[in-house]
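Note sheet for the following structure.
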Amino acid sequence: MKHDELYALLRRRGVLWPSAEIYGGVQGLYDYGPLGTALKRRLEEAWAAWFVGLSHDYYLIDPAEILPEPVVRASGHLENFTDPEVTCESCHAAFRADTILEKVRPEGVDGMTPAQIGEVVRANQVKCPSCGSVELSVPVPFNMMFGMDFGVTGKERVYLRPETAQGSYLSFARMWDVGRHALPLGIAVIGKAYRNEIAPRQVLFRMRAFTQAELQVFFDPAGFPLPFDQVRTEVLPVLRVARRQNGEETPELVSADELVRTGGLPEFYVYHLVHTFRFFRDVLGYPSERIRLFEKSDAERAFYNKLQFDVEVHLESLGGYKELGAVHYRGDYDLSRHSQGSGKDLSVHPTGRSPLLPHVLELTFGVDRNLWGLADLHLVKEGERTLWKLPAFLAPVAVGVFPLIARDHAPFALQLVDDLARAGISAQYDESSSIGKRYARMDEAGAPFCVTVDGETMAAGPTQGTVTLRARDSRSQERVAASEVAGRIYPSLRPPRPRRS
Ligand code: GAP
């Protein structure tokens, strides 16, 4: 679907809407309604089942969202977490350099100096999008963190976390102490991150408050034992720097084995790249031909990274490939910076080994961007029908429950809704309008199943009664005992887990 049609549908169904909408909205902030909230929670659960499920030594924690200034100074965000900002000398409007140069430099401005960006602006006579003037400033770095004064004296400077990752680094020493004193150790966080984006846009794509799910894996750089044979033959759609420099935009299919043997990538990195790719393809159900693993060059990588492949997915509503996640090899950057900043040596002494400073592999995932991705890729029109073909375990509502005739069948249907809820299955009761319209509403909400209670149910009595169980995608219907509905649909509502060893 095109962007505006998709966004209108998501607003109409109460999936999401602009924050403070009655005041005209706030740029870059969105609220989720009932369907959006349930979908987001299930997406977070599916992410945790998969990524925290990669090892017995990976854990989920919930650290604070506010960081004291010494933390963001040590992490490098105070100095480096900037985007180039161009201002109009005439009307004083401010813009992100890559946005203002979108038409003349679609590949973006990563890795360019402010002077080089300024030269492209000048050479192309780029105009201010607000007033049309060509009097645009040379770009200046704009720090994207939200800073504020903290405490009663107001003298303590703090920042809203710009990435959830920092909480894992700050908790590493404590997690080492409470854990098994062994590497690799994984610390995952799912929660809000905040960025004062210069140009928030495309709804969930560039927000000022958004949810990240990030796993930091701390490991010994001298050896990261893992079952590489399990992934060796997996074929990945990669777009490497060398091919990009030749103007290629389509990925090539390369096996995990080749990426290690001839591609120069470490096994631990490719192993996690495979599991990340499998999450997008097998768990979220994104078509593999829409995914590319886009390698960032030295100049383009985030300041903390040694290796970076972004997971980009081709989304019709956003007009091309968009970054929805990434695999970052951060080396010992974070723990060495926080060792220096805090004065606490963060090196560890694993049993039977000499002391070492662990390296970090980060698997990062944008929850909101992927919620949009799930809408872009799975909300489809088939003839007159609009179907949200979500994997069943992500569906906000698992089953719609309808009485054929409200007057006669409502009590039984309502009882069934309660029984399903007690079994942990989200069921939604609907008695209004025709059965066809009720099916259509549930199809659009992504409910994989619908159950109809009718005269036959009632005739057999409350314990033996059968109901019609209808599947969303095939529209096939069968009669099953009402008491068996939960057992029938429950297995499809469990998010998949990876094979561990
Ligand atoms: N800890 C690493 C990190 O934060 P990032 O590439 O800046 O890396 C990770 O962000 C993910 O967070 C991105 O792949 C994207 O999915 C999501 N993300 C980043 N900025 C965002 C924004 N302004 N709005 C929505 N999602 C965003």
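The values are calculated or read from the model by the stated rules, or taken from the named source; none is laboratory data. Please read these numbers as outputs of a predicted model, since none were measured by experiment. Counting neighbours? That spans all protein chains shown, and the Cβs are built from the backbone with ideal geometry, glycine included.
Of everything in the range 283-311, what is out of contact with any helix residue (DSSP H, G or I) (no Cβ under 9 Å at 6 or more places or on another chain) and within 11 Å of the ligand (Cβ to nearest atom)? Give them in sequence order.
Listed by number, the residues that qualify are Arg301, Gln308, Asp310.
Mind counting the residues in the range 162-193 that are assigned to a helix (DSSP H, G or I) and either away from the ligand (no atom under 16 Å from the Cβ) or free of Cβ contacts under 8 Å to residues at least 60 places away in the same chain (or both)?
6
I want to confirm something. Restricting to the range 319-338 and keeping residues that are over 17 Å from Lys306 (Cα atoms) and away from the ligand (no atom under 12 Å from the Cβ), which single residue is surrounded by the most Cβ atoms within 10 Å (Cβ to Cβ)?
Filtering the range 319-338 for residues that are over 17 Å from Lys306 (Cα atoms) and away from the ligand (no atom under 12 Å from the Cβ), the one surrounded by the most Cβ atoms within 10 Å (Cβ to Cβ) comes out as His338.
Taking only pairs six or more apart or across chains, which ones have beta-carbon atoms under 8 Å, a first residue in the range 269-296 that is touching a residue at least 12 places away in the same chain (Cβ under 8 Å) and at negative phi, and a second residue that is polar (S, T, N, Q) and surrounded by 22 or more Cβ atoms within 10 Å (Cβ to Cβ)?
Hits for this filter: Leu284/Asn370.
Limited to the range 289-320, what total is found for residues that are assigned to a strand (DSSP E or B) and not hydrophobic (A, V, I, L, M, F, W, C)?
Here the count works out to 7.
Scan the strands (runs of 3 or more DSSP E) fully inside the range 200-264 and keep the ones with 3 or more residues being more than 30 Å from Tyr32 (Cβ to Cβ) and without any contact (Cβ under 8 Å) to a residue 24 or more places away in the chain.
The strands (runs of 3 or more DSSP E) meeting that bar are 252-255.
Glu214 is checked against (1) acidic (Asp, Glu); (2) out of contact with any Ser or Thr (no Cβ under 6 Å at 6 or more places or on another chain); (3) within 21 Å of Trp50 (Cβ to Cβ) and fails just one. What number does that condition carry?
Unmet condition: (2).
Within the range 112-161, can you find the residues that are surrounded by 13 or more Cβ atoms within 10 Å (Cβ to Cβ), part of a loop (DSSP other than H, G, I, E, B) and of a type in the set (Gly, Ala, Ser)?
Ser130, Ser133, Ser137
Would you point out which residue out of Leu335, Leu318 is over 23 Å from Gly285 (Cα atoms) and in the same structural domain as Phe205 (by TED's automatic domain parsing)?
Exactly one residue qualifies, and that residue is Leu335.
Quick check on my filter: what residues within the range 358-415 are within 16 Å of the ligand (Cβ to nearest atom), of a type outside the set (Gly, Ala, Ser) and not in a strand (DSSP E or B)?
Scanning the range 358-415 gives Val367, Asp368, Arg369, Asn370, Leu371, Trp372, Leu374, Asp376, Leu377.
Select from the range 343-357 the residues that are of a type in the set (A, V, I, L, M, F, W, C) and not in a strand (DSSP E or B) and write down the one among them that is surrounded by the most Cβ atoms within 10 Å (Cβ to Cβ).
Per the stated criteria, the residue is Leu346.
So Tyr194 fits all but one of (1) surrounded by fewer than 16 Cβ atoms within 10 Å (Cβ to Cβ); (2) aromatic (Phe, Trp, Tyr); (3) within 17 Å of the chain's Cα centre (by Cα); what number is the exception?
In the conditions (1) surrounded by fewer than 16 Cβ atoms within 10 Å (Cβ to Cβ); (2) aromatic (Phe, Trp, Tyr); (3) within 17 Å of the chain's Cα centre (by Cα), Tyr194 misses (1) alone.
Could you please give the count of residues in the range 60-84 that are assigned to a strand (DSSP E or B) and in contact with a helix residue (DSSP H, G or I) (Cβ under 7 Å, 6 or more places away or on another chain)?
4
Touching a residue at least 24 places away in the same chain (Cβ under 8 Å), in contact with an Asp or Glu (Cβ under 6 Å, 6 or more places away or on another chain) and among the β-branched types (Val, Ile, Thr): which single residue out of Val401, Val360, Val397 fits that description?
Checking each option against the conditions leaves just Val360.
Pick out the one residue from Arg500, Arg438 that is outside the structural domain of Gly373 (by TED's automatic domain parsing), under 30 Å from the mean Cα position of the chain (by Cα) and basic (Lys, Arg).
Checking each option against the conditions leaves just Arg500.
Please pick out the residue among Phe224, Phe280 that is aromatic (Phe, Trp, Tyr), away from the ligand (no atom under 14 Å from the Cβ) and either under 30 Å from Ile61 (Cα atoms) or modelled with pLDDT under 95 (or both).
Phe224
Here are the criteria: (1) outside the structural domain of Leu54 (by TED's automatic domain parsing); (2) within 16 Å of the ligand (Cβ to nearest atom). Tell me which single one Ser137 does not satisfy.
It is condition (2) that Ser137 fails.
Tell me the residue from Ala427, Ala471, Ala440, Ala421 that is buried (at least 22 other Cβ atoms within 10 Å of the Cβ), at pLDDT 95 or above and closer than 23 Å to Leu39 by Cβ, please.
Ala427
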